[in-house]
Amino acid sequence: MAIKRRKVSVIGSGFTGATTAIMTAQKELADVVLVDIPDMEGPTKGKALDMLESTPVQGADVNVTGTSDYKDTAGSDVVVITAGIARKPGMSRDDLVNTNAKIMKSVTREIVKHSPECYIIVLTNPADAMTYTVYKESGFPKNRVIGQSGVLDSARFRTFVSQELGYSVEDVQGFVLGGHGDDMVPLIRYSSVGGVPLTSLLSQERIDAIVERTRKGGGEIVSLLGNGSAYYAPGASITQMVEAILKDKKRIIPTIAYLEGEYGYNDLYLGVPTVLGGDGIEKIIELDLTEDEKTAMAKSVESVKAVMEALPAE
Ligand SMILES: NC(=O)C1=CN([C@@H]2O[C@H](COP(=O)(O)OP(=O)(O)OC[C@H]3O[C@@H](n4cnc5c(N)ncnc54)[C@H](O)[C@@H]3O)[C@@H](O)[C@H]2O)C=CC1
Ligand SMILES: O=C([O-])CC(=O)C(=O)O
């Protein structure tokens with residue numbers, strides 16, 4: 001039997017979509033189909049062709065195409081949703097909810113029609129509520145609809161710890177839970193450098209400063225860019241999730257997962273540690289939280305719920 005290359009479609013060919021597409025292609029994970037609205041078809045095809053022309057140099061035997069026709073996405077193994085608007089300085093992620101919820105519904109209908117067996121990864125903000133919207137609209141089982149926040153938030157935390165200590169980013173482990181907002185919950189008890197607890201390497205004051213910078217990490221980039229939000233680290237984060245699924249890696253990484261009683265919450269999507277493998281979210285890992293951590297998590301959940309209440313009815 002011939003072995004076929006895998007197929008990843010990326011909806012939205014803007015900053016995060018294009019970055020995800022090039023990183024996925026460079027890692028030779030799959031053929032990539034980049035999709036945007038008809039008005040953006042020229043630039044989308046142009047970006048895809050430019051990426052394809054980088055493959056000989058990168059030594060990556062994959063195809064990259066651009067389109068506004070969902071027929072070209074048919075049979076995708078993984079579909080990444082980055083479509084929608086991004087925030088500008090002075091805005092919160094939650095300000096995007098109305099516009100992006102409508103976009104989620106329309107793109108989800110197309111995804112389901114053409115790739116009924118796929119795994120969907122949602123990046124669009126506000127990510128927790130948008131993943132919930134896609135889950136409801138798709139009718140897919142919960143393991144096949146996954147949101148991105150924790151890989152990125154943990155990566156920011158790991159970057160800041162590495163910079164502070166001067167030790168390899170590879171050896172810094174961190175875990176950020178909760179919603180993808182300013183009250184996300186970096187779990188210091190589970191953070192370490194080469195197995196050494198963070199608390200024995202850094203003072204509480206420095207740890208607090210890193211936690212605060214991590215929580216506001218997206219906003220820091222938004223202020224610096226002036227017209228849009230982060231895309232390199234988000235693209236890398238999505239690519240890691242795509243790889244975990246396509247290679248059935250069973251990585252333990254925080255993802256936005258549908259909770260049915262885990263951590264005491266029901267019927268909402270929230271960042272928690274999960275096993276991500278060939279069947280999407282294969283398991284949610286429940287950690288014993290301290291009272292302080294539970295309180296921080298509850299505050300983050302309140303923010304996520306407030307956004308969900310603002311979701312448009314139709
Ligand atoms: N969860 C996370 O960690 C992160 C989330 N984001 C979010 O990702 C989203 C995308 O950000 P960027 O790529 O920087 O924005 P962008 O503006 O560069 O790209 C968005 C693209 O979506 C397209 N689009 C709009 N409606 C569409 C539709 N119905 N079908 C297909 N494509 C459509 C636009 O034409 C545009 O090309 C934003 O909501 C942003 O807040 C960004 C970074 C991290
Ligand atoms: O901050 C934003 O609007 C984009 C995002 O989610 C991030 O970079 O974490």
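The table that follows gives values for the structure above.
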item	result
Helices (runs of 4 or more DSSP H) completely within region 131-246 that count 3 or more residues being within 12 Å of ligand 1 (Cβ to nearest atom)	150-165, 217-225, 232-246
Residue selected from region 92-105 under the condition more than 8 Å from ligand 1 (Cβ to nearest atom) and touching a residue at least 40 places away in the same chain (Cβ under 8 Å), by the criterion surrounded by the fewest Cβ atoms within 10 Å (Cβ to Cβ)	N98
All positions within region 222-232 that are aliphatic (A, V, I, L, M) and surrounded by fewer than 19 Cβ atoms within 10 Å (Cβ to Cβ)	L224, L225
Which numbered condition K105 misses (of (1) within 16 Å of ligand 2 (Cβ to nearest atom); (2) not in a strand (DSSP E or B))	(1)
Test result for K88, outside any loop (DSSP other than H, G, I, E, B), more than 9 Å from ligand 1 (Cβ to nearest atom), not hydroxyl-bearing (S, T, Y) and not assigned by the TED database to the domain that holds S229	no
I120 being away from ligand 2 (no atom under 16 Å from the Cβ), in a strand (DSSP E or B) and touching a Phe, Trp or Tyr at 6+ places or on another chain (Cβ under 9 Å)	yes
Qualifying residue in region 137-158 (condition: more than 16 Å from ligand 2 (Cβ to nearest atom) and small (G, A, S))	yes
Check on T274, more than 22 Å from T19 (Cα to Cα), away from ligand 2 (no atom under 15 Å from the Cβ) and in contact with a Ser or Thr (Cβ under 8 Å, 6 or more places away or on another chain)	yes
Answer from V169, V185, V161, V196 - the residue that is β-branched (V, I, T), in contact (Cβ under 8 Å) with a residue 40 or more places away in the chain and more than 16 Å from ligand 2 (Cβ to nearest atom)	V161
Flag if D171 is in contact with a helix residue (DSSP H, G or I) (Cβ under 9 Å, 6 or more places away or on another chain) and crowded, with 20+ Cβ neighbours inside 10 Å	no
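The values are calculated or read from the model by the stated rules, or taken from the named source; none is laboratory data. These numbers come from a predicted model, not from an experiment. With ideal geometry, Cβ positions are generated from the backbone for all residues, glycine too; neighbour counts draw on all protein chains shown.
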